[in-house]
Amino acid sequence: MTDQAEGIPPTQPIREGGRTHRSSTGSSLHHNQFKDSFFSRTHSFFHRDSHIGHVGRHPLRGSQDIELHTWDGPDDPDNPSILTGLPAGSYGAGNKYMEQQFHIQNEPFPNLAWATASWNMGAAFWPLIFVPLTESSGRMPGYFIAYFILVVSLFPSAFAQNFATLVVTRFFGGGASSVSINIVGGSISDVWYGPKARSLPMSLFGFTSVVGIALGPFIGAAIQQIHKSSPWRWIFYIQIIYNAGLIPVFWFILRETRADVILKRRAKRLRNETGRSIYAEADLDTTSVWKLVQISFERPTRMLLTEPVVIFFTLWVSFAWGILFLFFSSVAQTFSSNYGWGTFQTGLVQLAISVGAVIGTLLNPIQDWIYLKSASRNREHPGKPIPEARLYTSIPGSLLFAGGLFWYGWASVGDGSVSWIVPALGIGCTGVGIYSIYMAVVNYLTDAYEKYAASALSAASLGRNTFGAFLPLASFQLFQNLGYGWAGSLLGFVGLALSVVPVVLVLKGPAIRRQSPFMREAMFAPDDDSEKDSVSQKTEV
């Protein structure tokens, strides 16, 4: 009886020399010639020895007696085809009350910002450890475990009796939140194949990533309008209520999207039902959890130290992300000083960043159209869009980012003699630039590094969250000592200098890619997508 007659999804024999016995990294054999010494490890770190990143091969791979289970064509109902960024900055809206309750001196050095730094450092490091685990366990366990940890971490924050408790628990909250967000990026790449299909979902995801943070000060300030004895605690109470309430909703609407995991489950069911040796491709890769974590740490770090594109793109997006968090304290400082505004009014002003992100999202389809049209003039890979075409609109976007900082700084000079709308427009202009830079970095690194995109994005994420942690610590003294105009100018000049990064890539991109060993190895022909490294199929943002 045939598979079709039995209603069993298709399987295929696997044999030496067959199509499924690939030579790519995704199914390479570990060798034992690597010397585990300090010198050898240092040499391999910078020279990309082949032992790092290879996936183990299962003994069954050479057998002719097993069947390989795969999709029943593109219309297979189980084939994936169809979270939330919490407002990390909402915490800062309660600074005045926490300063009094915990007896923390917040000026001239913003000591309360250590809790925000803790959140961002958790966001920087947790995904490197935990996101790779979803490659074998599936996206759904990752979503719910991370989300559960996030909700649990809000309880000790809400009932904290000292500031140290806030610093520690927000490290866990930031880490869990970042893991959930990074898994969303992986789900997008699971579900929408190819740059054209992925453009809109990634655009919306980038929008929620920026706006989710930018809304924080407004949400926190609005919650504090509740007249209770400890208004700052209600920032956490409200988050506990709505985050816990979303768990059953997610349980009913979310489905597993990781193809390897779905096929492994189906293959196991077929083995139990038929007694035949049916396995999924992922069953034949024996990479250990420790090896996945090792790759997740080593490869991004190595790229961050040896790949010029990753280094400068990380600096570019990290500075923009640091400015996003710096605005949390800077806007409150300038608008309260100039206009006598309170926490709620300054929170409203920071909505200008979200407005800028909305404008950037509405303009993003133009960038996607330019990118897709570039395929007709690609001489390296005819018919495939040029990676540097991802950067065209980011050049004016980066100039808007720098210009917005100049605008905001000098419009804040004059002790309130300038209308509040003028510096607010500068903030909005900066918001457009932040979104443009963020999307350019995510999309370009994904296209240019292809099967190593996850590692490149992990490196950028590490730098981005580190800047978000520590740049705001300099905010008060920067604007206090230099004055609002020159503080904005200093930041603007840095942004202007970093605007050279996309210009250089647009002009010299092909030559730079030819000189990069990672890019040369990572770039696939259009029909080779199936050979992507299993560790690199996720998209981290």
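Among the residues of segment 205-237, write down those that are farther than 20 Å from Gln333 by Cβ and open to solvent by 50 Å² or more (accessible area, probe 1.4 Å).
Phe207, Thr208, Gln225, Ile226, His227, Lys228, Ser229, Trp234, Tyr237
Would you check if there is a residue in segment 494-512 being under 16 Å from the mean Cα position of the chain (by Cα) and assigned to a helix (DSSP H, G or I)? First the steps, then the outcome.
Within segment 494-512, the first condition is being under 16 Å from the mean Cα position of the chain (by Cα), and the residues that meet it are none.
Within segment 494-512 (the criterion being under 16 Å from the mean Cα position of the chain (by Cα) and assigned to a helix (DSSP H, G or I)), the answer is no, since none of the residues qualifies.
So which residues in segment 342-377 are open to solvent by 20 Å² or more (accessible area, probe 1.4 Å) and either among the polar types (S, T, N, Q) or on the phi > 0 side of the Ramachandran plot (or both)?
Thr343, Gln345, Thr361, Ser376
Could you say whether any residue in segment 254-273 is in contact with a Phe, Trp or Tyr (Cβ under 7 Å, 6 or more places away or on another chain) and either at positive phi or at pLDDT 75 or above (or both)?
Looking for residues that are in contact with a Phe, Trp or Tyr (Cβ under 7 Å, 6 or more places away or on another chain) and either at positive phi or at pLDDT 75 or above (or both), one finds at least one in segment 254-273, hence yes.
Only residues that are surrounded by fewer than 23 Cβ atoms within 10 Å (Cβ to Cβ) and either part of a helix (DSSP H, G or I) or not small (Gly, Ala, Ser) (or both): list them for segment 403-425, please.
Across segment 403-425, the qualifying residues are Gly403, Phe406, Trp407, Trp410, Val413, Asp415, Val418, Trp420, Ile421, Val422, Ala424, Leu425.
Considering only residues that are under 15 Å from Asn111 (Cα atoms) and in contact with a Pro (Cβ under 9 Å, 6 or more places away or on another chain), look in segment 454-473 and name the one that is surrounded by the fewest Cβ atoms within 10 Å (Cβ to Cβ).
Going through the qualifying residues, I end up with Leu473.
Please work out if Gly142 is part of a helix (DSSP H, G or I) and open to solvent by less than 10 Å² (accessible area, probe 1.4 Å).
no
The values are calculated or read from the model by the stated rules, or taken from the named source; none is laboratory data. What you see is a predicted model; the values in this text were computed from it and never measured. Neighbour counts are summed over all protein chains in view; Cβ atoms, including those assigned to glycine, are modelled from backbone coordinates with ideal geometry. Calculation scope for accessible area: heavy atoms of the full protein, side chains included, ligands and nucleic acids excluded. Shrake-Rupley method; radii C 1.70, N 1.55, O 1.52, S 1.80 Å.
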